[in-house]
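J.: Quick one: the structure is below, questions incoming.
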Amino acid sequence: MTVIRVALPVPLRQHFDYLLPENSSVTVGCRVQVPFGQRQLIGIVWQIDPDSPFEHCQLKAVSHILEDAPVISGTLRLLLSFAAEYYHHPLGEVLTAALPALLREGRQLRDYALTGYRLTAAGEAAQSSDFKRSAKQLALWQTLQTSPLAEDTLLQQHHRSTLKQLIDKGMVVAETLERQPYAYQGLAQTPLQLTVDQAIAVSAVQQAYGKFQPFLLEGVTGSGKTEVYLQCIAPLLARGEQVLLLLPEIGLTPQTLQRFVQRFNVPVLAWHSNLSDGERLSCWLQAASGSAAIVIGTRSALFLPFRQLSLIIIDEEHDLSLKQQDGFRYHARDLAIKRGSLEGCPVLLGSATPSLESLYNCQQKRYVHLELQHRATGQSLPPFELIDLKQQQLQFGLADSSIKQIRGQLARGKQVMLFLNRRGFAPALSCQDCGWLTECKRCSTFTTYHKHSRQLLCHHCGASRPIPRQCGSCGSARLAPVGQGTEQLEEHLQQLFADTPVTRLDRDSTRRKGALGELLKDINQAGPRLILGTQMLAKGHHFPFVTLVVIVDVDGALYSADFRAPEQLAQLLTQVAGRAGRGNDKGKVLLQTQHPEHALLQDIIQNGYAAFARSALLERQQTTLPPYQHLALFRAEALQSDLCQQWLQQVAELCQAYNGLQRLGPLLSPLERKAGKYRWQLHLYSQNRPLLHHALGHILPEITRWPLSRKVKWQLDVDALDL
Ligand code: ADP
Ligand code: ZN
Ligand code: ZN
């Protein structure tokens, strides 16, 4: 009897061994159905004949073998095993991130085979004179004479009704087709003449084809990083190979896809969280068969089963959304580097504001550093002007001199962008008589007043409630909004600049499917316009007519306790500023602040991101913070605060046994209470990564056995980014 080890989608850190029925065989990477408690689960064969601690009589038998060719290839299995070990996360849950839902549910692959059409014997014997009365039928018949065609390809050029007519005549018949690797037909668009810096970058990456090598492309906003990506990709497509491009969620717009589709005559697929299960599986199958040439996707596209992956590109590599923030907390950039090493292919990270981690890796010579210091169009980067709010009259949060400059640009027919990182109408409602503020009942935070949807909304737990008529403390009816969010700024801008169209880009205005695309289309039309929005404005979009950017309020971010706050603020300011002056006109950035003398603002403005980042890195070294230390974080949450504290205290005590492991905490999390639960954390630091991992590997099984571990909700976050 053969024992097999199966990876099952359950949140348990242990192995699951089963017996293989007599006379049957399996391959590693195939799906099997197995009994698990009272249920039947679908899992993946991970190992055959493992060193099992169990007697045969203790093991249950596999119920069903779903296929004989692996659904998860060897490279991908290695990547998932690595991820489970590195993030100390149950393998089964890692697998859940990698396998489309339909496959996890046990659907048969053959049900998703490709339908194609070919001529029958009668069809082959036909003459063109047989189609005298239908030019459409003739055209379809002629198309099929060369070779059978897949349904979707066929229907791009012919009507379904025509197809049906030929089937009814007995000339065409449906059949199951093998998915074929895509065929390259040359460029669809002439590439741009590269600048010298771009050419150096492209040639460096091209020389690394076929071997593992990470690159960091540090290129100022508008320096033509996308053109570098395009030209790095081209020769690989000519060889029939595949490319993966990872983007932050919000960067994945129809416009981005279009740039790739317009350049290459190949299938470019999008992968993101709005796909249906069917669309996901289809993308997965096309990656596996090689019929997708380029996949452009968010985070989890990293786990697609490419047939011949030859280049991984990560745009906006500094973006925090590349790290999953719950459950299996992986960093897509870091796992992409691992995947590159397993596939033996180059990995290209791009950003105008690279993470300190990646700059550090360049210093350590792990990544090759490529730089684009100038804008491709020859435009200079927009200068900053600090607007001291203490010395100015304000109208609706805008200084007089800001308003004057906005008017000036609008009068010239230009667009102005206003950045305010707070959605909703106002961060809270307040009582005019006693100062009471609307708070979330379940979180230690205020609730945002949303005027359009007429509710108070907690941005942390999502709870909403109707707007109160009276103060919750003194009963007064005099409630008024405090502070300004994007909804309110939009109203004010409409008042101040009555004839100018205003476009608001934030999570609320883009919620509807397709809405973001429509708003971006408006923005890409010439003519005076005010564009206002949150973070969303910062991410990679190309706004050709914006000449002035106004950063309405940054002061909230200047005094944060998180050691990463300065880096994140510098990235945000630089990215937002980078939207200005990308067309033919020079741009400018106004930064409104109560603290114009603040050292961080001065540093960013006078020296630029590149210089800021290098001095920030030096500071991290002097204070031995990441990337000079490795960080793992235990989080605990429960209805009772002291349970969390007690649990983390026990963890901290276990850690004492390891020299070279520093502890910080247990501490209350910055948001102390969320959705009714108290939150605490314990930071573990070490300069020695293997030691940290060794310690985690030993303490986790111990922790799992504690009765207290069932009373708190806890998780481990390796390389945590949000503290
Ligand atoms: P980034 O991704 O670095 O912000 P983009 O790739 O979007 O920059 O390029 C910014 C602008 O510069 C685009 O309009 C692009 O067409 C143009 N551009 C890029 N490379 C070149 C080049 N070599 N010559 C002329 N224009 C270029
Ligand atoms: Zn009151
Ligand atoms: Zn809440």
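J.: If the requirement is being more than 28 Å from the chain's Cα centre (by Cα), more than 16 Å from ligand 1 (Cβ to nearest atom) and surrounded by 14 or more Cβ atoms within 10 Å (Cβ to Cβ), which of these qualifies: SER430, SER473?
T.: Answer to the check: SER430.
J.: For the subset of the range 421-444 comprising residues that are among the charged types (D, E, K, R) and away from ligand 3 (no atom under 14 Å from the Cβ), which member is farthest from GLU672 (Cα to Cα)?
T.: Just the residues of the range 421-444 that are among the charged types (D, E, K, R), to begin with: 422-423, 433, 439, 441-442.
After this cut, where a residue has to be away from ligand 3 (no atom under 14 Å from the Cβ) as well, the list is 422-423, 433.
Numbers: ARG422: 21, ARG423: 22, ASP433: 28 Å.
Residue satisfying both the conditions and the ranking: ASP433.
J.: Would you be able to say whether some residue in the range 527-536 is out of contact with any Asp or Glu (no Cβ under 6 Å at 6 or more places or on another chain), in a loop (DSSP other than H, G, I, E, B), closer than 23 Å to THR377 by Cα and at pLDDT 90 or above?
T.: Checking the range 527-536: at least one residue is out of contact with any Asp or Glu (no Cβ under 6 Å at 6 or more places or on another chain), in a loop (DSSP other than H, G, I, E, B), closer than 23 Å to THR377 by Cα and at pLDDT 90 or above.
J.: Are any residues in the range 72-81 within 16 Å of VAL6 (Cα to Cα) and either without any contact (Cβ under 8 Å) to a residue 60 or more places away in the chain or surrounded by fewer than 20 Cβ atoms within 10 Å (Cβ to Cβ) (or both), and if so, which ones? Walk me through how you get there before you give the answer.
T.: Of all residues in the range 72-81, those within 16 Å of VAL6 (Cα to Cα) come to 72-74, 76-78, 80-81.
Passing the criteria: SER73, GLY74, ARG77, LEU78, SER81.
J.: Considering ILE314, ILE337, which residue is among the β-branched types (Val, Ile, Thr), under 20 Å from PHE212 (Cα atoms) and under 13 Å from the mean Cα position of the chain (by Cα)? Spell out how you get there, then give the answer.
T.: Values: ILE337 fails: under 13 Å from the mean Cα position of the chain (by Cα).
When all the criteria are applied, what remains is ILE314.
J.: Ok, one more. Looking at the range 476-505, which of the residues that are part of a loop (DSSP other than H, G, I, E, B) and within 30 Å of the chain's Cα centre (by Cα) is farthest from ligand 3 (Cβ to nearest atom)? Reasoning before the result, please.
T.: Initially, the range 476-505 is screened for residues part of a loop (DSSP other than H, G, I, E, B), giving 476-478, 483-485, 497-501.
Those left that are additionally within 30 Å of the chain's Cα centre (by Cα): 484-485.
Details: GLN484: 21, GLY485: 17 Å.
Filtering first and then ranking leaves GLN484.
J.: Looking at VAL45 and the list (1) more than 22 Å from GLU85 (Cα to Cα); (2) touching a Cys at 6+ places or on another chain (Cβ under 8 Å), which single condition is not satisfied?
T.: Here VAL45 meets the rest and fails (1).
J.: What are the residues in the range 193-217 that are touching a helix residue (DSSP H, G or I) at 6+ places or on another chain (Cβ under 7 Å) and either surrounded by 18 or more Cβ atoms within 10 Å (Cβ to Cβ) or aliphatic (A, V, I, L, M) (or both), if any?
T.: Within the range 193-217, LEU194, GLN198, ALA201, VAL202, VAL205, PRO214, PHE215, LEU216, LEU217 meet the criteria.
J.: Of the residues that make up the range 46-57, is at least one crowded, with 18+ Cβ neighbours inside 10 Å and at pLDDT below 95? Steps first, answer last, please.
T.: If we filter the range 46-57 for residues that are crowded, with 18+ Cβ neighbours inside 10 Å, which is where we start, we get 46.
With at pLDDT below 95 added as a condition, the list becomes 46.
Checking the range 46-57: at least one residue is crowded, with 18+ Cβ neighbours inside 10 Å and at pLDDT below 95.
J.: For the range 452-466, how many residues are closer than 20 Å to ASP506 by Cβ and either within 16 Å of ligand 1 (Cβ to nearest atom) or over 30 Å from the mean Cα position of the chain (by Cα) (or both)? Can you show your working first?
T.: We begin by selecting, within the range 452-466, every residue closer than 20 Å to ASP506 by Cβ; these are 452-464.
From what's left, either within 16 Å of ligand 1 (Cβ to nearest atom) or over 30 Å from the mean Cα position of the chain (by Cα) (or both): 454.
Result for the range 452-466: 1.
J.: When you scan the range 328-434 for strands (runs of 3 or more DSSP E) that lie fully inside it, which ones turn up with 2 or more residues that are closer than 30 Å to PHE446 by Cα? If you could, list the steps in order and put the result at the bottom.
T.: Values: elements: 346-351, 368-372, 384-388, 415-419, 428-431.
Answer list for the range 328-434: 384-388, 415-419, 428-431.
J.: Can you pull out the residues in the range 150-187 that are among the basic types (Lys, Arg) and closer than 18 Å to ALA135 by Cβ? First the steps, then the outcome.
T.: Filtering the range 150-187 down to residues among the basic types (Lys, Arg) leaves 160, 164, 169, 179.
Residues satisfying the conditions are ARG160, LYS164, LYS169.
J.: Being of a type in the set (Lys, Arg) and under 18 Å from HIS89 (Cα atoms) is the filter here; which residues of the range 704-723 pass it?
T.: Of all residues in the range 704-723, those of a type in the set (Lys, Arg) come to 705, 710-711, 713.
Across the range 704-723, the qualifying residues are ARG705, ARG710, LYS713.
J.: Within the range 488-500, does at least one residue satisfy the condition of being touching a helix residue (DSSP H, G or I) at 6+ places or on another chain (Cβ under 6 Å) and either of a type outside the set (Phe, Trp, Tyr) or within 16 Å of ligand 2 (Cβ to nearest atom) (or both)? Step through it out loud before you land on a result.
T.: Restricting attention to the range 488-500, the residues satisfying the condition of being touching a helix residue (DSSP H, G or I) at 6+ places or on another chain (Cβ under 6 Å) are 500.
Then drop every residue that is not either of a type outside the set (Phe, Trp, Tyr) or within 16 Å of ligand 2 (Cβ to nearest atom) (or both), which leaves 500.
Looking for residues that are touching a helix residue (DSSP H, G or I) at 6+ places or on another chain (Cβ under 6 Å) and either of a type outside the set (Phe, Trp, Tyr) or within 16 Å of ligand 2 (Cβ to nearest atom) (or both), one finds at least one in the range 488-500, hence yes.
J.: Then there's this: Of a type outside the set (Phe, Trp, Tyr) and either touching a residue at least 60 places away in the same chain (Cβ under 8 Å) or within 16 Å of ligand 2 (Cβ to nearest atom) (or both): which single residue out of LEU664, LEU671 fits that description?
T.: LEU671
J.: Let me ask something additional. Exactly one condition in (1) touching a strand residue (DSSP E or B) at 6+ places or on another chain (Cβ under 9 Å); (2) surrounded by 12 or more Cβ atoms within 10 Å (Cβ to Cβ) is not met by GLY517; state its number.
T.: (1)
J.: State all residues of the range 360-402 that are modelled with pLDDT of 95 or more and among the β-branched types (Val, Ile, Thr); if no residue qualifies, say none.
T.: VAL368
J.: Of everything in the range 327-353, what is out of contact with any Phe, Trp or Tyr (no Cβ under 8 Å at 6 or more places or on another chain) and modelled with pLDDT under 95? Give them in sequence order.
T.: Selection gives GLY327 alone.
J.: Please specify each residue of the range 181-191 satisfying the condition of being assigned to a loop (DSSP other than H, G, I, E, B) and surrounded by 13 or more Cβ atoms within 10 Å (Cβ to Cβ). Before the answer, list the steps.
T.: Initially, the range 181-191 is screened for residues assigned to a loop (DSSP other than H, G, I, E, B), giving 181-186, 188-191.
Scanning the range 181-191 gives PRO181, TYR182, TYR184.
J.: Residue under question is VAL546, and the condition is that it be within 16 Å of ligand 1 (Cβ to nearest atom) and of a type in the set (Val, Ile, Thr); does it hold? Lay out the reasoning, then the answer.
T.: Working: within 16 Å of ligand 1 (Cβ to nearest atom): yes; of a type in the set (Val, Ile, Thr): yes.
When the stated conditions are applied, VAL546 passes them.
J.: Continuing with the same structure: Return only the number of the condition from (1) farther than 30 Å from PHE384 by Cα; (2) of a type in the set (D, E, K, R); (3) surrounded by 17 or more Cβ atoms within 10 Å (Cβ to Cβ) that ASP603 does not satisfy.
T.: Among (1) farther than 30 Å from PHE384 by Cα; (2) of a type in the set (D, E, K, R); (3) surrounded by 17 or more Cβ atoms within 10 Å (Cβ to Cβ), the lone unmet condition for ASP603 is (1).
J.: Is it the case, given these coordinates, that THR510 is farther than 25 Å from CYS431 by Cβ, touching a residue at least 24 places away in the same chain (Cβ under 8 Å), polar (S, T, N, Q) and assigned to a strand (DSSP E or B)? Break it down into steps so the answer makes sense when it comes.
T.: Values: farther than 25 Å from CYS431 by Cβ: yes; touching a residue at least 24 places away in the same chain (Cβ under 8 Å): yes; polar (S, T, N, Q): yes; assigned to a strand (DSSP E or B): no.
Answer is no for this residue.
The values are calculated or read from the model by the stated rules, or taken from the named source; none is laboratory data. Please read these numbers as outputs of a predicted model, since none were measured by experiment. As a convention, Cβ positions derive from the backbone with ideal geometry for all residues, glycine included, and neighbour counts pool all protein chains shown.
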